[in-house]
Amino acid sequence: MSDAETLNRGPRAYAAFVGIGLLAGLLSGLFGVGGGTVIVPLLVLFLHFNQRLGAGTSLAAIVPTATVGVVSYAIHGSVAWVPALILAAGSVVGAQIGTRLLPKISQTTLRWFFVGFLVIVIVSLFLVVPSREAAFDLQLLTGLALVAVGVVTGILAGLIGVGGGVIVVPVLMLAFGTSDLVAKGTSLLMMIPTAISGTIGNIRNRNVDLVAAAIVGVSACTTTALGAWLATLIDPFAGNMLFAAYLVVIAVQMAMKAIRGRKKD
């Protein structure tokens with residue numbers, strides 16, 4: 001970690017942290033994600049973080065970003081509080097599992113895992129037909145299903161540094177019939193304890209650059225509310241397609257890096 005910190009300090013690096021944060025915050029508010037799909041690949045591709053450190057740093061930066069996003073969505077009544085807490089209960093456990101697995105998996109394996117994860121998200125964005133009118137119907141079976149979704153989301157959060165929004169938002173819309181705005185607000189609330197739990201585990205394993213995380217996270221807070229506001233204006237399906245296009249670019253870049261097989265354990 002100290003080597004990475006030495007390599008990633010200086011005016012250009014700090015400016016890059018701010019830029020990454022601004023973009024992550026905008027997409028976080030717009031799509032209901034923590035911003036990990038922006039933060040991780042950009043830290044890896046442009047600032048030469050290894051995949052593990054990028055994942056841990058991203059997860060820490062998600063905490064303030066998601067908090068601002070929740071407030072923005074809550075103002076419009078677009079947060080399902082109880083389902084979010086159920087999801088969080090499962091994801092906190094899953095995040096600890098994920099962070100324990102992180103040091104044991106090779107860099108190349110993590111990169112391919114991240115690419116596979118992005119492919120699943122891209123496909124789900126084409127399958128989901130967002131609705132602004134749908135309501136969340138919480139019952140016993142749906143509650144148990146939410147716990148399971150939370151555990152899986154937490155594991156992925158610990159492994160690849162995302163708060164889980166890119167999983168939870170499509171799942172809430174497709175499997176639970178939730179409106180797109182409520183799915184996004186609920187996702188952001190769920191990922192706060194998830195990210196905190198995962199970050200604690202990553203700190204123990206020295207997989208976090210706290211200075212970079214703080215700069216990225218604070219910068220992201222300045223654009224998260226703007227993204228949440230735009231989400232209420234943009235056509236839901238058009239927003240999904242734009243996000244899918246972005247993820248295709250990131251997936252291709254990460255796949256190329258994985259193919260080169262640069263292992264830095």
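Here the condition is being in contact with a helix residue (DSSP H, G or I) (Cβ under 7 Å, 6 or more places away or on another chain) and surrounded by fewer than 16 Cβ atoms within 10 Å (Cβ to Cβ); of 114, 31, 17, 46, it holds for 46 alone. When you scan the stretch 30-43, do you find a residue that is out of contact with any Asp or Glu (no Cβ under 7 Å at 6 or more places or on another chain) and more than 24 Å from residue 252 (Cα to Cα), even just one? Among the residues of the stretch 30-43, not one is out of contact with any Asp or Glu (no Cβ under 7 Å at 6 or more places or on another chain) and more than 24 Å from residue 252 (Cα to Cα), which makes the answer no. Taking the conditions (1) surrounded by fewer than 24 Cβ atoms within 10 Å (Cβ to Cβ); (2) at pLDDT 85 or above in turn, residue 129 satisfies each one other than (2). Does residue 97 satisfy the condition of being closer than 19 Å to residue 167 by Cβ, in contact (Cβ under 8 Å) with a residue 40 or more places away in the chain and crowded, with 24+ Cβ neighbours inside 10 Å? No.
A single entry from 82, 71, 93 fulfils the requirement of being under 24 Å from residue 25 (Cβ atoms) and β-branched (Val, Ile, Thr): 71. Residues of the stretch 207-246 that are in a loop (DSSP other than H, G, I, E, B), under 30 Å from residue 10 (Cα atoms) and of a type in the set (Val, Ile, Thr): 208 alone. Selection over the stretch 70-86 of residues that are over 12 Å from residue 138 (Cα atoms) and either hydroxyl-bearing (Ser, Thr, Tyr) or under 16 Å from the mean Cα position of the chain (by Cα) (or both) gives a count of 4. Of all residues in the stretch 126-147, those satisfying the criterion of being in a helix (DSSP H, G or I) and out of contact with any Gly (no Cβ under 9 Å at 6 or more places or on another chain) are 126, 127, 140, 141, 142, 143, 144, 145. In the stretch 1-85, counting only helices (runs of 4 or more DSSP H) that sit wholly within it, none holds 3 or more residues that are touching a His at 6+ places or on another chain (Cβ under 6 Å) and farther than 24 Å from residue 243 by Cα. The conditions of being in contact with an Asp or Glu (Cβ under 8 Å, 6 or more places away or on another chain) and in a helix (DSSP H, G or I) are not met by residue 98.
Here residue 159 fits the description: among the aliphatic types (A, V, I, L, M) and either buried (at least 21 other Cβ atoms within 10 Å of the Cβ) or outside any helix (DSSP H, G or I) (or both). When the stretch 68-91 is limited to residues that are hydroxyl-bearing (Ser, Thr, Tyr) and within 21 Å of residue 146 (Cα to Cα), the one that is surrounded by the most Cβ atoms within 10 Å (Cβ to Cβ) turns out to be 91. The residues in the stretch 162-206 that are crowded, with 24+ Cβ neighbours inside 10 Å and not in a helix (DSSP H, G or I) can be counted, and the count is 4.
The values are calculated or read from the model by the stated rules, or taken from the named source; none is laboratory data. It should be emphasised that the depicted structure is a prediction, and the values quoted were computed from it without experimental measurement. Quick reminder, even Gly has a Cβ in these numbers, built from the backbone with ideal geometry, and neighbours come from all protein chains shown.
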